[in-house]
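Report on one structure; see the data block that follows.
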Amino acid sequence: MSSVQQDMFLLDCPTYEDYLDTFITRHDIHFLRNIRFCRMLVELGYRSASEIYTPEQYEKRKAAVQESLWPTKKSAMLFSENMESDDPVLIELARREQPNTQKIISTIIFLKHRLKSGFEVSGYIDFEHSLKQANLMIEGCTDWLAVFQERVLLRPKPTDLSFYDWHKGTVHYNHSENYVVIHDVENGLIFMHRGDHKKICVDILRELYTNNCTREMHFSEKYGHVVFYDHIIRKKI
């Protein structure tokens, strides 16, 4: 029997005192006539051959039982798990999904999207941040399951790291959980990873911070040319 199974009875003990009372018999109450003294003997180990938990152990053990029955943390869904598409861009996204959710790499996606009006919008997307929002079902998040099932197209949004509307001439910049957006007059748009503070310069002509990420461009009929900036996250020592 596992320790969690052994501790199931803790669910019937609202307080630590209730837990101690499970080791007290009617004979104890009859002869000692003092519930506080009875509990003290239990804590000292005189009323049971099994281990008696301290208040801190009681709280942790009870929390472990509750977590096993009613988990509060859900594992991240892999939206591309059952993908059947042969679209080259979606294949590259699927290949990067799990390493991003595991925070092995951090990918920034650059793509353009042509609106029905004929004008384009473009943007840089923090892939892991976008996946996390989808898992948490944050309002306005990208429906990644629908993207991988090819029911909707992936498109940049004003809430992404960077968004540019070529018709209106408007630009939006937003920090994410993983990146800080840096406006460098000389070197253009730069993203700094919050975890290891490594910088990614998206302007390849600048040849800055080239060791901090790899850059790949992939083409598909649906998405055109899409650029992937893959940063291997350096763990803090």
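Listed values, structure above:
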{"quantity": "Taking the chain and dividing mean pair separation by its residue count, relative contact order in percent (alpha carbons under 8 Å, at least six apart)", "calculated": "15"}
{"quantity": "Unit charges on C-beta of K, R, D, E only; dipole of segment 3-69, Debye", "calculated": "280"}
{"quantity": "Protection proxy ranking, peptides 154-161, 33-40, average beta carbon neighbours within 10 Å, highest first", "calculated": "154-161, 33-40"}
{"quantity": "Nearby aspartates and glutamates by direct alpha-carbon distance to Lys132 (threshold 17 angstrom, same-chain neighbours under 8 apart not counted)", "calculated": "Glu81, Glu97, Asp143, Asp160, Glu177"}
{"quantity": "Accessible-area value, Asp28, 1.4 Å probe, nucleic acids and ligands omitted, Å²", "calculated": "20"}
{"quantity": "Assigned charges on the beta-carbon of Lys, Arg, Asp, Glu; the chain dipole about Cα centre (debye)", "calculated": "380"}
{"quantity": "Computed lengthening from His197 to His167, 0.36 nm per intervening residue step minus Cα-Cα distance", "calculated": "7.4 nm"}
{"quantity": "Sparse-neighbour loop sites [chymotrypsin sites (Phe, Trp or Tyr not before Pro); segment 79-175; at most 15 other C-beta within 10 Å; DSSP]", "calculated": "Phe119, Trp166"}
{"quantity": "Ratio Rg/Rh [Cα only; Rh per Kirkwood] for the chain", "calculated": "1.25"}
{"quantity": "Value of [θ]222 nm, deg cm²/dmol, for the chain, DSSP H segments ≥ 4, -39500 (n - 2.57) each, nearest 500", "calculated": "-8000 deg cm²/dmol"}
{"quantity": "Pairwise label distance in nanometres, Lys60 with Ile29, each label 7 Å out on the Cα-Cβ vector", "calculated": "3.2"}
{"quantity": "Distance between modelled label sites at Leu153 and Phe119, nm, 7 Å Cα→Cβ extension", "calculated": "1.6"}
{"quantity": "Entries of Lys60/Lys199; Lys116/Lys198; Lys157/Lys199 with Cα pairs more than 29 Å apart", "calculated": "Lys60/Lys199; Lys116/Lys198"}
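The values are calculated or read from the model by the stated rules, or taken from the named source; none is laboratory data. All values derive from a computational prediction rather than experimental measurement. Ideal geometry is used to build each Cβ from the backbone, glycine not excepted, and the neighbour counts take in all protein chains shown. All accessible areas refer to the heavy atoms of the entire protein, side chains included, with ligands and DNA or RNA removed. Shrake-Rupley method; radii C 1.70, N 1.55, O 1.52, S 1.80 Å.
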